[in-house]
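Asker: There's a structure below that I have some questions on.
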Amino acid sequence: MRKLAILTFQTMDGVMQAPSDPKEDSSGGFSQGGWAREHWEEVMTQVAKEAMAEPYDLLLGHTTYRMFASSFASSDTESPVAQQLNQAKKYVVTSSRESLEWKNSERISGDIVSAISQLKQQDGPLLQVHGSWQLIQLLLAKGLVDELRLWTFPVVVGEGKRLFADGTVSIRFKLTKFEACPSGAFMHFYEPV
């Protein structure tokens, strides 16, 4: 059996939409994209060390998959993070019939909750969810999350998709790891109680 961890970036007011680039996700008229840029390099160094150093598979929504694939699928970079992303098995939750060109990609459709529950029952590395706001809402609602790996940035944007959206079920967590970045961003790892 393996664990499922959500890895996400959020503002102090809980918004996780479009942290790295203004064009990343403007759905709902969101105009504050790129809010994490000032702290990005420092935080990504910490992410690589704390959350991406061990083997993992990815569980992604279709939009996040397309964004990651466009950045990494044809990457010849020497970056260890890019190499890990390319080597990882990618499970893509999608109803689209669009071809999944990024190597090691597999479609999940139909009964998504059952399929993800079965993935968790298998032997294998940690399943990490990056971005994928809509998928995260489903995973939280169905109690499929074993760990939250959050980076909170010293920014307030006031609007946008929040990690814990309206209607999120009540969950209690315990803090398992904490570290600050010099620029004011914070890493928090939590497990459900």
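Asker: Count charges around residue 15 for me, please; just the other residues with Cβ under 10 Å from its Cβ, Lys/Arg as +1, Asp/Glu as -1. Present the calculation step by step, with values, prior to reporting the outcome.
Answerer: Numbers: positive: 161, 162; negative: 13, 159.
Summing Lys/Arg as +1 and Asp/Glu as -1 gives 0.
Asker: Any chance you could check the Cα centroid distance between region 1-61 and region 128-181 for me, in angstrom?
Answerer: 10 Å
Asker: Provide the gained length on full extension for the span residue 115 to residue 176, in nm with one decimal, where the gain is 0.36 nm per separating residue minus the Cα-Cα distance. List each step's numbers first, then the result.
Answerer: Values: separation 61, 0.36 × 61 = 21.96 nm, distance 2.79 nm.
Using 0.36 nm per residue and subtracting the Cα-Cα distance, I get 19.2 nm.
Asker: Another question, if that's okay. Taking a threshold of 27 Å on the Cα-Cα distance, which of the pairs 89/142; 90/161; 49/174; 142/174; 3/103; 23/177 fall above it? Provide the component values of the computation, followed by the final result.
Answerer: Numbers: 89/142 23 Å; 90/161 24 Å; 49/174 22 Å; 142/174 19 Å; 3/103 23 Å; 23/177 32 Å.
Correct reply: 23/177.
Asker: Using a 10 angstrom cutoff on alpha carbons, build the Gaussian network for the chain and name the most mobile of 20, 74, 109.
Answerer: Evaluated over the chain, the most mobile residue of the options is 74.
Asker: Under 10 Å, Cα contacts only: if you run a Gaussian network model on the chain, which one of 95, 170, 71 comes out with the highest mean-square fluctuation?
Answerer: Sorting by GNM fluctuation, first place goes to 170.
Asker: For a quick check: sort 62, 130 by the number of other beta carbons within 10 angstrom, fewest at the front. Mind dumping the intermediate values first?
Answerer: Details: 62 19, 130 23.
Lowest to highest Cβ neighbour count: 62, 130.
Asker: Among 146, 111, 166, which comes first, then next, by fewest other beta-carbon atoms within 10 Å? It would help to have the intermediate numbers written out before the result.
Answerer: Numbers: 146 17, 111 10, 166 6.
Ascending Cβ contact count within 10 Å gives the list 166, 111, 146.
Asker: Moving on. Residue 164: net charge of surrounding residues, Cβ under 14 Å, Lys/Arg +1, Asp/Glu -1, itself excluded?
Answerer: Working: positive: 161, 162, 172; negative: 13, 166.
Taking every other residue near residue 164 into account, the sum is +1.
Asker: Can you say what percent of the DSSP beta bridges in the chain, counting only those with both residues inside, are antiparallel? Round to 5.
Answerer: The antiparallel fraction comes to roughly 35 percent.
Asker: Would you calculate, for the chain, the mean residue ellipticity at 222 nm contributed by helices, counting each DSSP H stretch of 4 or more residues as -39,500 (n - 2.57) and dividing by all residues, to the nearest 500?
Answerer: Details: 5 runs with 49 residues, N = 193.
Rounded to the nearest 500, it is -7500 deg cm²/dmol.
Asker: Would you look at the GNM of the chain, springs on alpha carbons closer than 10 Å, and say which of 116, 108, 171 moves the most?
Answerer: 171
Asker: Sticking with this one: Show me, bin by bin at 5 Å from 0, the whole-percent P(r) of region 40-187 based on Cα pairs.
Answerer: Calculated over all Cα pairs of region 40-187, the distribution is 2, 8, 16, 20, 22, 17, 11, 4, 0 percent.
Asker: Taking the beta-carbon count within 10 Å as an exposure proxy, list 138, 119 from fewest neighbours to most.
Answerer: On the way: 138 15, 119 19.
Ordered by Cβ neighbours within 10 Å, fewest first: 138, 119.
Values quoted throughout were computed directly from the atomic coordinates according to the rules given, and no laboratory measurement underlies them. Everything numeric here is computed off the predicted structure, so don't read it as measured data. Cβ coordinates were reconstructed from backbone atoms using ideal geometry, including for glycine residues, and neighbour counts include every protein chain displayed.
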